[in-house]
């Protein structure tokens, strides 16, 4: 009886991986900024994951594992290499940003509620910042999951996230001034 | 100014990532501090906007169908639950010798796979139109290029008075783990040196057995673990050249 239940629960690659399809595609498209490249990236990710599925350890985070494969595949692609050359992630030890008073980008957002503005601001973030913001705020990953996905320590996740959000706020402020 | 220390942690608080005691203290503070409360509200608004805008791209129906069809031949993985272990234990008692042989065979297959993957990385790189991303013969240029890209530091040996020259480096991934890939030249032969964090890789124990010779690998290869790092030196150069370059790395890392 127990054996039968275990067998029924035994997870196949498809059962685990297909529910992540939309999320992975969305993330891939944000990284590549191109539909065809995003499809290639997702396809390659699934091919690699399927090949390496026997080595995936049960009980560990499958979602972080899949996102890590996708992200690593992106980084070694031509688009990924170009994107990562734009910014060297230095001074990760910078302290968290302090709060700002007055007319902040957040209040601008509240006032204008402009989707296009936020889209452009995310799109213009360097890839190291874009990915950490998307994983945290869109995929709602914990810091631990983000650390596993990006293969970096949690402290670095926090500082990178802080810098990414600051850059995003600055970008929004700039666009608001332009507009 | 009083709130600076609170505001510094505001994002971490809103992400729900502070320890529970600090979360409770933060709740109390935010409820009583108009400035932090307003700041928290606008940041929550920002998070929500990003979340709404971030879920922007959806795969086409055709792509979804294509992927579904590819994955349909789904390999079921064995369950490692209690029942499985019990069954294994019984089998183990009955056929200990047989299992040992199977284990050795699996280790061998795993070792072959690692060698093949390293060889593939080497060949793919050399076939690429841009084999290196940091082009430099200067180790003091190549080493800093990896900072921030890989989660560890390593040293490159001094090559003066040796036949080797450094061509450059690039990122490499093995077992989904980021590492450094360095390319050297010796008498028109290219040699790849890969450096990974040992604990991040799932390597077979047999990899450290010098007597194990991989089949179907046309390259000379040397691998070892030192200072928590796993090194692979591979190329079509002679075994003695591979050993010499490995020796330089070993001496430098010790």
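The values are calculated or read from the model by the stated rules, or taken from the named source; none is laboratory data. If you're wondering where the values come from, they're calculated on a predicted model, not measured in any experiment. All Cβ positions, even for glycine, are placed from backbone atoms using ideal geometry, and neighbour counts span all protein chains on display.
A few comments on the model shown:
- Reported count of residues in the range B:140-158, each being within 10 Å of another protein chain (Cβ to nearest Cβ), outside any helix (DSSP H, G or I) and touching a strand residue (DSSP E or B) at 6+ places or on another chain (Cβ under 7 Å), is 3.
- Failed item in (1) surrounded by fewer than 20 Cβ atoms within 10 Å (Cβ to Cβ); (2) within 11 Å of chain A (Cβ to nearest Cβ), with residue B:137 passing the rest: (2)
- Checking A:159, A:151, A:142 one by one, the residue that is facing chain B (nearest Cβ under 9 Å) and under 22 Å from residue B:10 (Cβ atoms) is A:142 and no other.
- Selection of the range B:29-44 for residues being within 8 Å of chain A (Cβ to nearest Cβ) and modelled with pLDDT of 85 or more yields B:35, B:36, B:39, B:43.
- Residues satisfying the stated conditions in the range B:1-54, i.e. out of contact with any helix residue (DSSP H, G or I) (no Cβ under 8 Å at 6 or more places or on another chain) and closer than 17 Å to residue A:161 by Cα: B:8, B:48
- Considering residues of the range B:160-172 that are assigned to a strand (DSSP E or B) and in contact (Cβ under 8 Å) with a residue 40 or more places away in the chain only, the residue nearest to the chain's Cα centre (by Cα): B:172
- Some residue of the range B:52-70 being without any contact (Cβ under 8 Å) to a residue 40 or more places away in the chain, under 17 Å from residue A:169 (Cβ atoms) and surrounded by 19 or more Cβ atoms within 10 Å (Cβ to Cβ): yes
Residue-by-condition table, conditions (1) in a helix (DSSP H, G or I); (2) touching a strand residue (DSSP E or B) at 6+ places or on another chain (Cβ under 8 Å); (3) modelled with pLDDT under 85:
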residue: B:57; (1), (2), (3): no, no, no
residue: B:74; (1), (2), (3): no, yes, yes
residue: B:80; (1), (2), (3): no, no, yes
residue: B:86; (1), (2), (3): yes, no, yes
residue: B:98; (1), (2), (3): yes, no, yes
residue: B:103; (1), (2), (3): yes, no, yes
residue: B:107; (1), (2), (3): yes, no, yes
residue: B:115; (1), (2), (3): yes, yes, yes
residue: B:123; (1), (2), (3): yes, no, yes
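- Failed item in (1) within 9 Å of another protein chain (Cβ to nearest Cβ); (2) under 20 Å from residue A:135 (Cα atoms), with residue A:74 passing the rest: (1)
- Considering residues of the range A:57-71 that are touching a helix residue (DSSP H, G or I) at 6+ places or on another chain (Cβ under 8 Å) and at the interface with another protein chain (Cβ under 8 Å from one of its Cβ atoms) only, the residue farthest from residue A:28 (Cα to Cα): A:65
- Here the helices (runs of 4 or more DSSP H) wholly within the range A:122-178 that include at least 2 residues being at pLDDT below 90 are A:154-178.
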